[in-house]
1. Residues being among the acidic types (Asp, Glu) and either part of a helix (DSSP H, G or I) or at pLDDT below 95 (or both): count how many of those fall in the stretch 150-198.
2. Regarding Asn104, is this residue among the polar types (S, T, N, Q) and farther than 12 Å from Val29 by Cα?
3. On the given criteria, is Asp125 of a type outside the set (Gly, Ala, Ser), out of contact with any Phe, Trp or Tyr (no Cβ under 8 Å at 6 or more places or on another chain) and either in contact (Cβ under 8 Å) with a residue 60 or more places away in the chain or under 23 Å from Ser46 (Cα atoms) (or both)?
4. Need the failing condition index for Lys135 against (1) out of contact with any strand residue (DSSP E or B) (no Cβ under 7 Å at 6 or more places or on another chain); (2) of a type outside the set (S, T, N, Q); (3) surrounded by fewer than 19 Cβ atoms within 10 Å (Cβ to Cβ); (4) part of a helix (DSSP H, G or I), just the number.
Amino acid sequence: MIYNGCMFGYMDESGAPGISNAPNDYLVVSLVLFANKDVTDKCSKSIDRLRKRTSLPDTYEFHYSRNNNRARDAMIKQMSNMDFKFITVAIRKSSARKLASYSNVAELIVTELARQTKNAVVLLDSNPVLCSKLKKQVKTSGLQGIKFKQAKSRSDNLIQLADYVTAICTKRAKNPRKSFPVFNSISKKQLAFLDITA
């Protein structure tokens, strides 16, 4: 069922495009979606309150790989109570084929997003190449109502949320059994998880 209103999205990625000989090397991109502006603002404010509740500075950036366990656990617990959905594309790199490309990611993300809505504004952490590929895919698909823009994660709570979703989904792609407890905390928010192996 396609949502008729304008959705708001926030995107982040982990890993780099290309080929790899490593057995468990992934390019992962996650898109976090909110049904409307009110829900978006409510979730952002809940992250502001989380900083205050945990005595963190107002400028503290929630970045999964850089945060200590205390901040990380607090953010994951907060996420379970937030009203959002997510789409993730996880492509395992191959030594033979360049399947893990931003062009492939853009096609898969835009296709899945179009199944949810024809109108969305999506901010992604600064990545000119990926942003260009997403815009090109939207144009190719005739989805004039979907817009992609770049922003800085340091100043955007919800790109920081997307970073956490991406990190958790990366763990799930690499080791589903070991990552089960943390992924289970957000699994009901999943719209699509595309795990692609070359």
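1. Looking only at that region, the number is 2.
2. No.
3. So Asp125 passes the test.
4. (1)
The values are calculated or read from the model by the stated rules, or taken from the named source; none is laboratory data. These numbers come from a predicted model, not from an experiment. Every residue, glycine among them, receives a Cβ derived from its backbone with ideal geometry; neighbour counts consider all protein chains shown.
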